[in-house]
Amino acid sequence: MGIIAAVLLSLASAQEARLSGPQPGEKTPGFKVFDVGSRGERDYLAEANGAPVVLVFVHELTRPAGALMRALDETGRIKEARGLQTRFISLSEDRDGAERHLPIVVRSLNLKCPLGISLDGKEGPGAYGLNREVMLTILVVRQNQVAANFALVAPNETDAPRIRAAIDEVLKAASTEASGTAEERRLHEELAAAREEIASLKIQLEKSASAPPRRGEMEKPREDETLVNHCRRLIQRAATREQLDAAVKDIEGYIGTNEELKKQYLAILTRVRDLKYGNDLGQAEILRQLEKHGK
């Protein structure tokens, strides 16, 4: 019985360690932060005026926690079309150090939603009862009341789906209670869906633009279009000796002493040789050109 009691006590303690911040149904009083973007004091909840808000209190930032923050930032940007506001709040004892460090974090994680530094230090807003033993405390709030609470000891990107599900529930409730005729609500829904799609596409384009080329797919220098067109004359199936000689004369005149064009010419010749393009006369001329210019 002593062992069982110890195990139960341990489990109870672990569960208590995961409680952080106001629980579902409890109120969320306003609080002040120093907003890193605007460089001024703000009250995110007062600004929301009862609209749906996701508050992400950052007790400790790790790489996995950063991945979850990035995922929630993307969700916030997409769901902004439905009135959602996503806000990150850093809890730090060293405000000056946080002010210097956090802009680097914002750029590194590519966060677009506002990030502020709690003016209440490491403990955060006094009325919130935040637990310093968790890394992230995430509150999904509507009408200044908690709808869902996620106190994450070891957060990572796999936590994102259940948080998104809670966000969707809150947004659905807000949409159901919206005023206006059925037709107005239908048009509002269509507009919101279109804006969501645009925001999602914009994020995907940003990722594509910033993603490094995959191994083996490094971007090749753009080949000179005029040179490429001249070289096509060497691989025509019906090319005669006179046509090949004229093409070589034009190519060599175009290249001149330009080493970059010469390098491109050799690369093109090697490629068409290996692919065996053109007729026998053309292939023979390609081999002569490689021997002549490859020295």
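Please treat every number below as a calculation from the coordinates, not as lab data. Please read all numbers here as calculations on a predicted model, not as lab measurements. All Cβ positions, glycine included, derive from the backbone under ideal geometry; neighbour counts span all protein chains shown.
Between N110 and L191, what length comes free when the chain is fully extended (0.36 nm per residue of separation minus the Cα-Cα distance, one decimal in nm)?
Computed gain between N110 and L191 is 26.5 nm.
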Förster-model FRET efficiency, 25 Å R0, S38 and K122, C-beta, rounded to 0.05: 0.65
Segment 24-87-segment 222-254 distance, computed between alpha-carbon centres (Å): 62 Å
Helix 95-109 axis, angle to the chain major axis (alpha carbon atoms, nearest 10°): 40 degrees
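Find, among the GluC sites (Glu not before Pro) in segment 64-127, those assigned to loop by DSSP (not H, G, I, E, B) with at most 10 other beta-carbon atoms within 10 angstrom.
E93
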From the coordinates shown, volume of the Cα convex hull per residue in Å³ corresponds to which of [x] 133; [y] 275; [z] 142: [y]
Whole-angstrom gap from segment 93-145 to segment 151-195, using each part's C-alpha centre: 23 Å
Shape category assigned to segment 150-295 from the gyration tensor of Cα positions, a/c cut at 1.5: prolate
Fraction of beta bridges assigned by DSSP in the chain that are antiparallel (%, nearest 5): 70 percent
Phi-based couplings in Hz for segment 71-79 (Karplus 6.51, -1.76, 1.60; Gly and Pro marked x): 5, 5, 5, 5, 4, x, 5, 6, 7
Helix 2-17 vs. the chain, principal-axis angle (Cα, 0 to 90°, nearest 10): 70 degrees
Cα gyration tensor shape of segment 225-293, rounded if a/c is under 1.5, else prolate or oblate by comparing a/b with b/c: prolate
Helix axis angle, 280-293 relative to the chain longest principal axis, alpha carbon, degrees: 80 degrees
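Can you pick out the pairs among K79/K172; K27/K112; K79/K202; K79/K122 whose Cα atoms lie more than 21 Å from each other?
Correct reply: K27/K112; K79/K122.
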